[in-house]
Structure formats: structure tokens, C-alpha cells
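Notes follow once the structure below has been shown.
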Amino acid sequence: MAGPELRTSYSWADLRNSDDGEWYELLEGALVPRGGESAAHQSILLRLATLLYTCLDGTKFRVFMAPFPVRLFEGPDDPPEAVTTAVLPDIIVSDEARLDDKGCKGAPDFVIEILSHSTRENDEVRKWMLYEKAGVREYWIVDPELECVMVWLLEGNRFSNIVRMYRNTDRIEVHTLKGCVIDLSQVFRRY
């Protein structure tokens with residue numbers, strides 16, 4: 001199959017079998033193409049992933065950058081045809097136990113999405129709700145234009161109503177990773 005065939009609902013099995021060279025996300029059965037990203041987006045992505053990688057050295061956690069599929073709601077015995085949500089977050093941090101050769105099975109501990117014009121609505125609304133429902137413990141949305149980071153923490157089974165916003169000169173303690181602090185002046189510096 002060259003790519004996913006045109007229809008109204010898709011599954012992880014459809015994406016696994018796609019070989020058209022495009023990357024898609026699967027949001028509750030809906031197929032969403034993943035667009036190209038700007039130089040600023042890619043620079044922020046690389047810096048954040050590098051800083052997190054350094055923090056995680058020697059721990060049970062691993063960091064991955066897109067495209068690394070996350071099947072948020074896949075159960076232990078679910079066949080690929082039953083999985084209708086597979087996202088490609090910009091960055092995930094997950095305990096090794098959730099990782100397999102196809103990506104992350106279940107909710108990662110920590111997710112970062114970097115906004116772009118093509119992903120803003122999905123990142124701020126649809127994926128935010130999916131991450132909350134799946135039990136992602138910490139969610140960051142990075143805005144390259146405003147040079148800020150919004151942080152949500154899971155409290156019980158809901159993201160906190162208090163959004164923590166950090167500016168380009170702040171330092172953020174990663175709540176799910178003890179001792180890991182990200183200096184945003186390193187993240188938002190120009191090339």
C-alpha cells in the first residue's frame with residue numbers, strides 16, 4: 001500500500017503499513033498529516049532534546065524526538081487494528097518499560113509540543129485533551145514566536161487548572177524528572 005487509503009476512520013495497522021514517505025498522526029481515528037517545521041522549531045527541538053538527554057543519563061528514562069509514534073491508549077492485548085490514536089509529539093520522555101520497537105505503548109511520563117502554524121490547534125486543544133485523558137504526567141507547549149513555555153501537571157486524572165508560564169530567561173524544573181532543570185536562555189537563543 002503506497003499510503004493510507006482514503007476513508008473516514010483509520011487504525012495503527014493502517015499507519016504501520018503506509019510507505020508513502022509522509023508522517024501522519026492518528027487522532028481518535030482521524031488521519032492528520034504532520035507538516036514540515038521551521039528552522040526555529042527544529043533548533044528548539046534539538047536544544048531541548050539535548051538538555052533532557054543530559055539530565056536523563058544513567059536513569060530509567062529515555063528521550064525521543066519526532067517522528068516517534070506514541071500509541072496513547074493501546075492496551076497489552078490490543079491488535080493494531082484496535083488502536084485509533086497514535087501521535088508524534090515533538091519530544092517524549094518515557095520509562096523504558098513503555099518502549100518497544102515501534103515506539104511508545106501507553107502514555108509517556110512527559111511530552112513537549114513545539115507550536116507551529118500547522119499544529120497549533122491540535123497541540124493546544126485536541127492533543128492536550130488526549131494527553132490529559134491518557135495520563136501524561138507533565139505537558140509542555142513551547143511557543144517559538146513568543147519565546148515562552150506553558151506547563152501543565154497532572155493532578156489526579158486532570159491537568160492542573162493553573163498554567164505555569166515561563167519566559168525565555170527563566171529556568172524550569174522538570175517536575176517528573178527530579179533534579180532536571182532546563183535553562184530557557186539556552187533553548188531560545190538564536191542560531
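The values are calculated or read from the model by the stated rules, or taken from the named source; none is laboratory data. Just so it is clear, the structure is predicted and the values come from calculations on it, not from any experiment. Every residue, glycine among them, receives a Cβ derived from its backbone with ideal geometry; neighbour counts consider all protein chains shown.
For every residue, the table says whether it meets (1) modelled with pLDDT under 95; (2) under 23 Å from R167 (Cα atoms).
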| position | (1), (2) |
| --- | --- |
| L51 | no, yes |
| F64 | no, no |
| P76 | yes, no |
| T84 | yes, no |
| D100 | yes, no |
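In this structure, does S18 turn out to be modelled with pLDDT under 95, over 23 Å from L146 (Cβ atoms) and buried (at least 16 other Cβ atoms within 10 Å of the Cβ)?
Yes; evaluated as a whole, the condition is true for this residue.
For A134, state whether it is farther than 25 Å from F188 by Cβ, surrounded by 14 or more Cβ atoms within 10 Å (Cβ to Cβ), of a type outside the set (S, T, N, Q) and at pLDDT 95 or above.
yes
Looking at region 147-176 only, could you name the residues that are among the polar types (S, T, N, Q) and surrounded by 11 or more Cβ atoms within 10 Å (Cβ to Cβ)?
S160, N168, T176
If the requirement is being within 12 Å of the chain's Cα centre (by Cα) and more than 24 Å from E173 (Cα to Cα), which of these qualifies: F64, F73, F68?
Residue meeting the stated conditions: F68.
If you go through region 168-191, how many residues are within 17 Å of D109 (Cα to Cα) and assigned to a strand (DSSP E or B)?
The qualifying residues number 4.
If we keep just the residues of region 46-82 that are aromatic (F, W, Y) and assigned to a loop (DSSP other than H, G, I, E, B), which is surrounded by the most Cβ atoms within 10 Å (Cβ to Cβ)?
F68
Give me the pairs: first residue in region 96-109 and over 11 Å from R62 (Cα atoms), second residue in a strand (DSSP E or B) and hydrophobic (A, V, I, L, M, F, W, C), beta-carbon distance under 7 Å, and six or more apart or on different chains, which are they?
Short answer, once both residue conditions are applied: G103/V70.
I'd like to check something: does region 86-95 contain any residue that is touching a helix residue (DSSP H, G or I) at 6+ places or on another chain (Cβ under 9 Å), over 27 Å from F188 (Cβ atoms) and not in a helix (DSSP H, G or I)?
Yes: one or more hits.
Residues of region 55-73 being under 17 Å from R137 (Cα atoms) and in contact (Cβ under 8 Å) with a residue 60 or more places away in the chain, which ones?
L56, F61, L72, F73, listed by residue number.
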